[in-house]
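All remarks here apply to the structure that follows.
Taken together, the values in this text are just the output of simple stated rules run on the coordinates, not laboratory data. Computed from a predicted structure; not experimentally measured. No Cβ is skipped: glycine too gets one built from the backbone with ideal geometry, and neighbour counts run over all protein chains shown.
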Protein chains: 2
Amino acid sequence: MIDRLAIIGVGLIGGSLSLALKKAGKVKHVVGYARNPATRQQALDLGVVDSIAEDIVEAITDADIVILAVPMGAMSETMAAIAPHMTDNMIITDAGSAKGQVVRAAKQHFADHLGQFVPGHPIAGTERSGPAAAFAELYQDHRVVLTPIAETDQDAHQKVKEMWQAVGAQVFDMSVAQHDKVLAATSHVPHILAFNLVNMLAQGEDVDAVLHYAAGGFRDFSRIASSDPVMWRDICLTNSDAILSLLAEYQQQLTEIEQAIRQQEGDVLIDVFQRAKQARDKRFNDPTLIDNSEV
Amino acid sequence: MIDRLAIIGVGLIGGSLSLALKKAGKVKHVVGYARNPATRQQALDLGVVDSIAEDIVEAITDADIVILAVPMGAMSETMAAIAPHMTDNMIITDAGSAKGQVVRAAKQHFADHLGQFVPGHPIAGTERSGPAAAFAELYQDHRVVLTPIAETDQDAHQKVKEMWQAVGAQVFDMSVAQHDKVLAATSHVPHILAFNLVNMLAQGEDVDAVLHYAAGGFRDFSRIASSDPVMWRDICLTNSDAILSLLAEYQQQLTEIEQAIRQQEGDVLIDVFQRAKQARDKRFNDPTLIDNSEV
């Protein structure tokens, strides 16, 4: 049981954690904070949190656990604001999508309390955002990755793990580098690829005519291009090394496909498409595996 | 009412048309043909067609309308096989995904009966294939594009249009070039992009670990990478000009995004992502528009 949880950033991610812990009866009081007064009011009105703090220092005061569920672009300044007010028993975790950047910021701001900081990333979300998008079931059967570093206190790590397990998540540990590479591959690069295609089509003269004929395959492929542009700018800027490395490889392999099309080398295309289909079917279409990837 | 419809290729596309016309009471008899004997037997056993012909000439004999629902790679040889047996009242249409190639083949094989050929493309499908995947509702509220050429007989065009309308489809006319460009943009290129990403990840050492953390966004983005490799090889080889032109533009714009990430130019990224989101939301998330893109 958590006595007092402070959620900094009461949008989809923070708000859903609050609703889920409250529903599970695992928290006595959730206090929320958001930079935008309208967001604060909305979170309170919707019952997403038990109370709202008017400033961030008030929010973390007496909290047992503080979760930073702010956009990646606001992570460092948020840490800077709370660092002078951290107490020895307070556990801090976060929900940022790029752990290398978060850990660098934590080392800078939390130097005196680094063991109390547990870097984390719930792999869940929708293309919607804000307190109104929050719902208690968001984390059920989803994966949460924690990336403890050498300094991380084991007890703090365990408490954050239990918090996520209490809302139905499967919690895994990974190194910071492994996390950032895996997320670039399965989330960040796919988003960029989808954004790039829709942006390209949107600039064509006949965009409405073209999109008029877009069918279900395109709709699913491009769903992630409806995601929040600011959030994705932040992710691109903060996980840039892993993303750029994969994009370079992607372009090279795409050039090989173009070459095969140009030279009418059907066998090369079959190889590529077959290998992709097998890997994708193994992950998502195997009826013997539970598909926990709904979102 | 169609007296006798011959479906060459009784898979998802041909089989679903048969089931839909029968359900709508718009056809007296559907005769099917497939190159593979097991497919023929399956189509008959499942009641997808009324009867099965053991050879293609038998299949088209006395048919009022013949639809070529074979893979793009088999289109030309199928036309060559039926051409000597076409009669003056027989209407031929097709369901091929690349109309330039189909029209070139038709001009070669159907020179004496070109007016009776109506090039068509139902924009519907799933990642499944074969007679067992067929279902009567596949075309309901979906788009079918016809690309009549100068020689196309108006009466034949009208009859094919009415056939598709009878199964609930919205029928549009387009030029061959416009069709191939639009389909490359909204279907062919997205498939290649998804195949390429999953193939790239599948070749990594840690493919299972990577895909283990793939969430819903990746699942939707990559769903089309579960599509039939042979079909997509054929599409790439037959609509190569439109596809290569778009892929070149895609790579160029992706390089600009990489440049922006490398130079930490957040404003450039916001522009791209915002324009994509707006175009995508306008097409798919506008509650005032009916979304007919299911499947």
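Apart from one condition, A:Ile235 fits all of (1) among the β-branched types (Val, Ile, Thr); (2) more than 7 Å from chain B (Cβ to nearest Cβ); (3) closer than 27 Å to B:Val145 by Cβ; the exception is (3).
Among the residues of the stretch A:191-214, the ones that are buried (at least 24 other Cβ atoms within 10 Å of the Cβ) and either of a type in the set (D, E, K, R) or not in a helix (DSSP H, G or I) (or both) come to 1 in all.
Taking (1) surrounded by fewer than 19 Cβ atoms within 10 Å (Cβ to Cβ); (2) over 19 Å from B:Asp153 (Cβ atoms); (3) of a type in the set (Gly, Ala, Ser) in turn, B:Ala111 satisfies each apart from (2). Being in contact (Cβ under 8 Å) with a residue 12 or more places away in the chain, under 19 Å from A:Ala242 (Cα atoms) and of a type in the set (D, E, K, R) is the requirement here; does B:Glu205 meet it? So B:Glu205 does not fit the description; no.
So that you can scan it fast, the table gives a plain yes or no per residue for (1) surrounded by 23 or more Cβ atoms within 10 Å (Cβ to Cβ); (2) closer than 24 Å to A:Leu146 by Cβ; (3) touching a helix residue (DSSP H, G or I) at 6+ places or on another chain (Cβ under 9 Å):
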site: A:Leu12; (1), (2), (3): yes, yes, yes
site: A:Lys26; (1), (2), (3): no, yes, yes
site: A:Arg35; (1), (2), (3): no, no, yes
site: A:Val49; (1), (2), (3): yes, yes, yes
site: A:Met75; (1), (2), (3): yes, yes, yes
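For the stretch A:159-187, taking the residues that are part of a helix (DSSP H, G or I) and in contact with an Asp or Glu (Cβ under 9 Å, 6 or more places away or on another chain), the one that is nearest to B:Leu193 (Cα to Cα) is identified as A:Ala184. When each of A:Gly47, A:Gly96 is tested for being of a type in the set (Gly, Ala, Ser) and over 19 Å from A:Ala156 (Cβ atoms), the lone residue that passes is A:Gly47.
Checking each residue in the stretch B:256-286 for being at the interface with chain A (Cβ under 7 Å from one of its Cβ atoms) and touching a residue at least 12 places away in the same chain (Cβ under 8 Å) picks out B:Ile257, B:Leu269, B:Val272. Evaluate the stretch B:246-255: report whether one residue or more is more than 7 Å from chain A (Cβ to nearest Cβ), among the hydrophobic types (A, V, I, L, M, F, W, C) and buried (at least 24 other Cβ atoms within 10 Å of the Cβ). For the stretch B:246-255, residues more than 7 Å from chain A (Cβ to nearest Cβ), among the hydrophobic types (A, V, I, L, M, F, W, C) and buried (at least 24 other Cβ atoms within 10 Å of the Cβ): absent.
In this structure, does A:His121 turn out to be in contact with a helix residue (DSSP H, G or I) (Cβ under 8 Å, 6 or more places away or on another chain) and over 19 Å from B:His191 (Cα atoms)?
Working: in contact with a helix residue (DSSP H, G or I) (Cβ under 8 Å, 6 or more places away or on another chain): yes; over 19 Å from B:His191 (Cα atoms): yes.
So A:His121 passes the test.
When restricted to residues that are small (Gly, Ala, Ser) and under 20 Å from B:Val198 (Cα atoms), the stretch A:231-247 contains 2. Residues that are free of Cβ contacts under 8 Å to residues at least 40 places away in the same chain and within 20 Å of B:Glu162 (Cβ to Cβ) number at least 3 in none of the helices (runs of 4 or more DSSP H) confined to the stretch B:1-68.
Just one of the numbered conditions (1) part of a loop (DSSP other than H, G, I, E, B); (2) out of contact with any Ser or Thr (no Cβ under 7 Å at 6 or more places or on another chain) is not true of B:Asp112: (1).
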